[in-house]
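The values are calculated or read from the model by the stated rules, or taken from the named source; none is laboratory data. No experiment lies behind these values; they were computed from the predicted model shown. With ideal geometry, Cβ positions are generated from the backbone for all residues, glycine too; neighbour counts draw on all protein chains shown. Accessible surface is based on the protein model in full, side chains and every heavy atom, while ligands, DNA and RNA are left aside. Shrake-Rupley method; radii C 1.70, N 1.55, O 1.52, S 1.80 Å.
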Amino acid sequence: MPLSPGVRVGPYEILAALGAGGMGEVYRARDPRLGRDVAVKILPSAFHSDPARRLRFEQEARAAAALNNPHILSVYDIGEHDSLHYIVSELLDGETLREQLRTLSRLPARKAIDYAVQLALGLAAAHEKGIVHRDLKPENILVGRDGHVKILDFGLAKLSAPEAEAAATGALETAPGTVMGTVGYMSPEQVRGQPADHRSDIFALGAILYEMLAGRRAFDGPSNADTMTAILKESPAPLSGAGPNESSAAARIVDRCLEKSPGARFQSAHDLAFALDGLSSRTDPVAIVGPEAGGRRRSFTWVAWGLVATLAATSIAAAALTVRYYRRSLEPDPVVRFMLTPPGNITFSSGANFLAVSPDGRSIAFAAAGPTGAPMVWIRQVDALDARALPNTEGARLPFWSPDGRFIAYSAFGSLWKVEVGGGPPQRLSEERTSAITGGTWGSTDTILYSSLFGPILQLRASGGRPVPATTLDQGHEADVHSFPFLLADGRRFLYTVRSPNPERSGIYLKSVDSNETRLVARASSNVNYVRPGYLVYARDGVLEALAFDVDRAATTGEPRRIAEQIDQFPESGIAAFSVSDGGLLAYRGGGAASSRLLWVDRAGHRLSEVGEAARYRNPRLSPDATRIAVENTDQLGNRDIWLVDVARGVPGRFTFDPGRDSSPVWSPDGERIAWLNKTVQVKSSSGSGPSEAISAEFCIPDDWVPDGTAVLCHPNAPRQILAFTLGGARSARTVVEGRAITTHARVSPDGRWVAFTSIESGLYEVYIQSMQSPGVRWQISTNGGMQPKWRRDGKEIFYLGMDGALVAVRVSLGALAEIGKPERLFKTAIEPVTGPCV
């Protein structure tokens, strides 16, 4: 009997019926403890006496509860009340994919591919936990009003550990002891009653994608038996004939998903998501929107605008090549120099580790971004005029070559990938995500070493797998950073750099992958290359040096000699923009350390005045009373601290003095305190008096304060969520934004009801907003990419950086729902958007 409104099931008050299916009735209910509405699914009373039905009901709850992914329905609770068995989950606002297909028949290609990417990411999360869905179909997929997709109903899910599974006996229902799945979406192995692994889910997703694109089912005979026969023996009608919007690339992906043999399909949902994401990137049109011709520009003062002190960084985009610059005698050969400019309308990536010379010195790989802002791996032969992009390498950073020159490895979205230079899909190498990868090297024994902003050097087989530490952080020196590994020719020994608060520990070290012994070989704090017949090449204060090095004795001789000056080097990490081949081809980006200025500008981008002198500034924040600017500044020794600049006088004063790396200052709403990052979130009086106080126990980059000053919002490194750390006696942390991908740069609206943030969930950095009170539903603010949102002081407009560095404004009206205006491109800034984790 259906439950009536007002009835309580456990602590939950039933509000209304939402629907019913074979495995239960679903109700909207209220959780009075947390003050939120939830969905309560109740096992039908007819099944209470059936242990198998109850087991499957509980299996659904446990399978979904084991997962924490934005593309899978979140399960909150499970229980029994007055003989009623129930599951409590998040309440979703939307419709099933089946309902959407009944209305639209077929979906636009871009939307279908977007849905498929989200589904693949959700399946990947389930498969990583050893859970296979086994009944993926449009009825089990919910599409939210915001276009976000979630997988429902893990009632047939099974763990991939060995277990008995009943063979098919002819019945087509999903009752225990029969074929598991739904006709039309079952894989051939499910039809045969054979064990189904994660590749059966990939088959089902292929059938769903086909249906979304073609407007008809991939396998749909006049009877269940005919449909099952088609699954086993036939191929669906060619997708290319479904209409003009479907590309051959989409057809190839679908065909591969629907292969009869599991071994011929995509072997992981991650690989499928990557292929689909690359397809989406190729098919999405790019529009560069400029200011309206003849349009009037209204100037305004800083009082009306929240984004005032902008960071205008010097642009450095030149690269010079020097061929065979040194012999063993250090007497230079005749030098050949020429410029390498980025092709067409793309720009070199901002990071210093964006280029790599091939081992034979004939080609250069580099990361560069086009108008969409998504960097890719490009290759240019030294004797050619043009460069070519490697397909499906969106998000690429840090390219480095295999010893034979056949492959390029690179970092993208916290993982390592490799791609064949001659063509082919990229392959994910690292099973674990690693925050902010900073360096990589591929040795002759097919070993890859790489480093991140924190932690030791990691070691990985070139065929992929789980990384293991190759270095160890000494006890008592956990603040040390091991970076920039470089494997020598034997594939065992490698150079790496240690940066430490203790200058005596900093330098370039030599170690072997099969030994714990380390040896200091040079006092420098940059990435290092080894060049035969025997030189270390590294940067020091923007100067590239070569130092004679006997690799057998692990000893240097003589004094370093200068090769090039004004190398682009980041003093915070030490990394410099250069690469050298074994034969002596040097590629570097010149320009020296970039300085920046704090400027006042109006809405049209006209410079009004300058605050203080140029310095190596980053991340400026204006105080609430607009009298001071908190900003990172790096001194000549590479120390990064927080400084406070007096706006009226332009005079800077140091706010932090410790040798650690201080960054990301954020003013409290009353201007009395500043929060910033130094390993953890620190808070201190803005007067500079008194000690600082750590309010987090973990690394988290401050983004903003809530308006009442009771909590600080921050994001972890390589983050997927925004956290709020409360101040005061009862310390706690809560999730404000549950990210679906890297999620950063949170800003709370002036009234405290909304939060704006940046996320790369679509494959491109975009700006979103969501309610602080009702997280989950979000609205996209930017188009064609956006970063670093800021609210206007009255909350009626949001500013953000486009991926080309332009400042963009969007008007918003925020009532019960958000009304979003059209983005207005204001002017091109000198700021290069940050496309990696902001530290």
* Could you look through region 680-693, keep only residues that are assigned to a strand (DSSP E or B) and surrounded by 14 or more Cβ atoms within 10 Å (Cβ to Cβ), and pick out the one that is modelled with the lowest pLDDT? => 680
* Tell me, please, whether a residue that is crowded, with 17+ Cβ neighbours inside 10 Å, more than 26 Å from the chain's Cα centre (by Cα) and at pLDDT 75 or above can be found in region 770-792. => yes
* Asked: Hey, residue 51 hits all of (1) modelled with pLDDT of 85 or more; (2) over 25 Å from residue 201 (Cα atoms); (3) surrounded by fewer than 18 Cβ atoms within 10 Å (Cβ to Cβ) but one; which does it fall short on?
  -> (1)
* Structure fact -> When every residue in region 802-826 that is of a type in the set (Gly, Ala, Ser) and surrounded by 14 or more Cβ atoms within 10 Å (Cβ to Cβ) is compared, the one farthest from residue 605 (Cα to Cα) is 818
* Of all residues making up region 253-270, the number that are open to solvent by 10 Å² or more (accessible area, probe 1.4 Å) and assigned to a loop (DSSP other than H, G, I, E, B) -> 7
* Structure fact -> Among the residues of region 351-375, the number that are within 27 Å of residue 530 (Cβ to Cβ), touching an Asp or Glu at 6+ places or on another chain (Cβ under 7 Å) and at pLDDT below 75 is 1
* To do: Please state which one of 505, 519, 523 is out of contact with any Leu (no Cβ under 9 Å at 6 or more places or on another chain) and without any contact (Cβ under 8 Å) to a residue 40 or more places away in the chain.
  => 523
* For the subset of region 492-526 comprising residues that are part of a strand (DSSP E or B), of a type in the set (Ser, Thr, Tyr) and more than 30 Å from the chain's Cα centre (by Cα), which member is modelled with the lowest pLDDT? -> 518
* Can you tell me which of 204, 230 is among the small types (Gly, Ala, Ser) and buried (at least 24 other Cβ atoms within 10 Å of the Cβ)? -> 204
* To do: Hey, could you check region 653-679 for residues that are in contact (Cβ under 8 Å) with a residue 60 or more places away in the chain and part of a loop (DSSP other than H, G, I, E, B) and say which is most open to solvent (accessible area, probe 1.4 Å)?
  => 679
* Any idea how many residues of region 107-133 are surrounded by fewer than 24 Cβ atoms within 10 Å (Cβ to Cβ) and assigned to a loop (DSSP other than H, G, I, E, B)? -> 4
* Asked: What number of residues in region 536-567 are open to solvent by 10 Å² or more (accessible area, probe 1.4 Å), in contact (Cβ under 8 Å) with a residue 12 or more places away in the chain and hydroxyl-bearing (Ser, Thr, Tyr)?
  -> 1
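Considering every residue within region 54-75, establish whether at least one is at negative phi and modelled with pLDDT of 85 or more.
yes
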* To do: List the number of the failed condition for residue 618; all other conditions in (1) modelled with pLDDT of 85 or more; (2) part of a strand (DSSP E or B); (3) open to solvent by 10 Å² or more (accessible area, probe 1.4 Å) hold.
  => (1)
* Structure fact -> Filtering region 750-768 down to residues that are surrounded by 22 or more Cβ atoms within 10 Å (Cβ to Cβ) and over 26 Å from residue 120 (Cβ atoms) yields 755, 756
